[in-house]
Amino acid sequence: MLRQGRFAAAVLGLLMMVTSCASGGGHAPASTPGPSVDTTFGRVTVPARPQRVVALGWSDAETALALGVQPVGASDWQGSGGNGVGPWAAGLYTQPPTKLGTTEPDYEAIAALRPDLILNTRSSGDPAQNEILSKIAPTVGPPPGTVAYGTGWREQMRLVSQALGKPELGEQRIAELDGRLRDATRTHPEPAGKTVAVAAYYGNKWGAYLPGDPRVEFMTDLGMKNKPEINALANGTFYADIAHERLSTISADLTVVFPIGVDARQLRDDPVLNQIPSARAGHLLVLDDHDLTMAFSSGSTLGIGYAVEHAAPRFAAALRGS
């Protein structure tokens, strides 16, 4: 009941704000209807030439920038600061976007930007949130059948490029990155067929990433297989909590871990982590480069491109034990 009450209040406040903007001439200009895009909430008709794009989903802003479109508002999911994107994309803005919330969007701030398109393709998939956003502007949510925050980089690029009226350029961006991934697997063949576990330490606890997460997708793109025992922990989201005393769960042919909000030395000095089989075999990699960790986690074509160049050699070296 409390959630329903908050939702009703948010919708009422939003409608009042949109009405106020319209009466004052502040609403977004009418756009010619364009293509329809299939999402988990059904088919959405988007403007033919969106002019004021708000990018709310994880890496939606970087995906739009890769297509030559600068969002007027964006969420900074990774705490990048500046323009809210990684260094591989920061220079693509000529005008800084308005920073917006992540898990709790500021609907009034979004409406005040007068968007004609909202991108929310890698998100929680919350129907109530989507309903509110759709009252502001056509909203492109995740693709059908996707777990929360589980939209892959190819799916995201296709959704965003279709919504922006640039599907051919989107396919070109996918082909470019696929080519770089193929080159990486030829240059660094060590990962092929190996099992991998990717985990993060955050908020004094461990979490292992599951299929649907961009980090796992990147590893599979390099020819690896996410450890089946971790896949069995699937719970409808993109990661599973791992008890500290059960860190051996993340032991695989290659184990990749990184810190969120703490110093990487805390992981390197962890006696339990250092005793798991992959660590004793020399196949544990602690990612301590902030930019590389962000790129690895971004799930955008731009960020993954950076990770291909800088992370793939480190994965291969860790598998060699060097």
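The values are calculated or read from the model by the stated rules, or taken from the named source; none is laboratory data. In this text, all values refer to a predicted model and were calculated from it rather than measured experimentally. Every residue, glycine as well, gets a Cβ built from its backbone with ideal geometry; the counts of neighbours run over all protein chains shown. All accessible areas refer to the heavy atoms of the entire protein, side chains included, with ligands and DNA or RNA removed. Shrake-Rupley method; radii C 1.70, N 1.55, O 1.52, S 1.80 Å.
Expressed in whole Å with the largest first, what are the equivalent ellipsoid semi-axes of the range 111-171 derived from the C-alpha gyration tensor as the square root of 5 times each eigenvalue?
Numbers: eigenvalues 75, 54, 10 Å².
Three semi-axes, in Å: 19, 16, 7.
Going toward the positive end of the dipole of the chain, with +1 on Lys and Arg Cβ and -1 on Asp and Glu Cβ, which of 192, 160, 306 do you reach last?
Working it through, the farthest residue towards the positive pole turns out to be 160.
Restricting things to alpha carbons, find the Rg to Rh ratio for the range 71-116 using the Kirkwood radius for Rh.
Checking Rg against Rh, the ratio lands at 0.97.
Rg(Cα) of the range 192-255 divided by 2.2 N^0.38 Å?
1.02
Quantify, in whole percent, the carbon and sulfur part of the accessible surface of the range 40-108 (1.4 Å probe; protein heavy atoms only).
Looking at the range 40-108 in its full context, I get 44 percent from C and S.
Restricting to lysines 8 or more places apart or on different chains, can you count the pairs in the range 79-212 with Cα atoms under 29 Å from each other?
Pairs that pass both the separation and distance tests number 5.
Show me the ranking of peptides 243-256, 34-47, 57-70 by mean Cβ neighbours inside 10 Å, starting with the highest.
Descending mean neighbour count gives 57-70, 243-256, 34-47.
Based solely on C-alpha atoms, express the radius of gyration and the Dmax of the range 74-229 in angstrom.
Looking at the range 74-229, its Cα Rg and Dmax stand at 17.5, 51 Å.
With bins 5 Å wide starting at 0, give me the P(r) of the range 244-306 over every alpha carbon pair, in whole percents.
Answer for the range 244-306: a P(r) of 4, 18, 25, 21, 17, 11, 4, 0 percent.
Could you compute the net charge surrounding residue 269? Neighbours are other residues with a C-beta less than 13 Å from the C-beta of residue 269; K and R count +1, D and E count -1.
Charge balance in the 13 Å sphere: -1.
Using 1/(1 + (r/R0)^6) with R0 = 25 angstrom and r between the beta carbons of residue 205 and residue 40, what's the FRET efficiency to the nearest 0.05?
0.30
In square nanometres and to one decimal, what's the mean projected area of the convex hull around the Cα atoms of the range 279-322?
3.0 nm²
If you average 1/r over every pair of different alpha-carbon atoms in the chain and take one over that average, what Kirkwood value in Å do you get?
20.6 Å
Roughly how many debye, to the nearest 20, is the charge dipole of the chain about its Cα centre, given +1 on each Lys and Arg Cβ, -1 on each Asp and Glu Cβ, and no other charges?
I would put it at about 260 debye.
Roughly how large, in nm² to one decimal, is the mean projection of the convex hull of the alpha-carbon atoms in the range 137-274? Please list the in-between numbers first.
Details: hull surface 41.2 nm².
Projected over every direction and averaged, the Cα hull of the range 137-274 covers 10.3 nm².
Calculate, for the range 110-230, the solvent-accessible area per residue in square angstrom, rolling a 1.4 angstrom probe over the heavy atoms of the protein chains.
On the way: 4360 Å² over 121 residues.
Per-residue accessible area for the range 110-230 comes out at 36 Å².
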